[in-house]
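The values are calculated or read from the model by the stated rules, or taken from the named source; none is laboratory data. Quantities reported herein were computed from a predicted structural model and do not represent experimental measurements. Glycine gets a Cβ as well: all are built from the backbone with ideal geometry, and neighbour counts include every protein chain shown.
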Amino acid sequence: MKFEQIVSVLDQITGKLDKVLGFFTILLLGVMAIVVNLGVFYRYVLMAGIPWSEEIPKFGMVWMGFIGTSMALRKDMHIGFYALVERLPDKTQLLFKLLGNLLILFFLVTLIKWGCFLAFTVGFHSVSPQINIAYFWLLLVVPIAGIFMIFQLLIKILRIILSLVGTP
């Protein structure tokens with residue numbers, strides 16, 4: 001199997017992964033909307049608040065943010081400053097993109113390392129006050145999303161390398 005075919009297969013896998021993550025974020029958003037509306041209804045109509053109606057949406061928002069970041073990375077939807085780089089020759093642009101992606105890769109490896117550290121040390125010893133769940137489950141999204149992002153990023157790096165060596 002050629003290198004280009006391997007990258008193509010990996011790209012198909014990340015496309016399917018994106019669909020699963022997209023479904024997961026939609027599901028989280030739905031649960032968050034239901035819980036928030038239920039909390040508002042109980043507080044203002046029944047005059048009895050639900051104690052966990054704030055924590056569940058917070059947990060969901062953190063998970064949605066990190067998972068959404070992985071999806072945005074695949075589609076190049078993150079903030080970037082390209083005005084200067086776009087004026088450079090094509091090969092130089094690719095080198096700058098490669099350098100930027102390698103820096104992101106370094107950051108993501110660090111994120112996973114410290115995310116695991118927090119999740120497995122602090123996470124088991126701290127419990128959310130209202131829903132009585134270990135913060136491990138909240139912090140676990142950091143290394144999980146980091147792994148998803150690294151997978152997306154490696155495919156981007158491989159595509160850049162293919163372009164640099166002359167293969168479209």
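Quick look at the numbers
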{"quantity": "Phe59 being in a helix (DSSP H, G or I), touching a Leu at 6+ places or on another chain (Cβ under 9 Å) and among the aromatic types (Phe, Trp, Tyr)", "calculated": "yes"}
{"quantity": "Verdict on Tyr42 being at pLDDT below 95, among the aromatic types (Phe, Trp, Tyr) and either outside any loop (DSSP other than H, G, I, E, B) or touching a Ser or Thr at 6+ places or on another chain (Cβ under 7 Å) (or both)", "calculated": "yes"}
{"quantity": "Failed item in (1) part of a helix (DSSP H, G or I); (2) surrounded by fewer than 18 Cβ atoms within 10 Å (Cβ to Cβ), with Asn132 passing the rest", "calculated": "(1)"}
{"quantity": "Matching residues, the range 1-39, being of a type in the set (Asp, Glu) and touching a Ser or Thr at 6+ places or on another chain (Cβ under 9 Å)", "calculated": "Glu4, Asp18"}
{"quantity": "Long-range neighbours under 7 Å by Cβ, at least six apart or interchain, first residue outside any loop (DSSP other than H, G, I, E, B) within the range 106-128, second of a type in the set (Gly, Ala, Ser)", "calculated": "Leu108/Gly146; Leu111/Gly146; Ile112/Gly146; Gly115/Gly146; Val127/Ala134"}
{"quantity": "Filter result (touching a Leu at 6+ places or on another chain (Cβ under 8 Å), closer than 25 Å to Leu164 by Cβ and surrounded by 13 or more Cβ atoms within 10 Å (Cβ to Cβ)) within the range 71-113", "calculated": "Leu73, Leu94, Leu95, Phe96, Leu98, Asn101, Ile104, Leu105, Leu108"}
{"quantity": "The range 72-90, residues that are within 28 Å of Phe148 (Cα to Cα), assigned to a helix (DSSP H, G or I), out of contact with any His (no Cβ under 9 Å at 6 or more places or on another chain) and at pLDDT 85 or above", "calculated": "Leu73, Arg74"}
{"quantity": "Qualifying residue in the range 48-62 (condition: closer than 27 Å to Gly146 by Cβ, in contact (Cβ under 8 Å) with a residue 40 or more places away in the chain and aromatic (Phe, Trp, Tyr))", "calculated": "yes"}
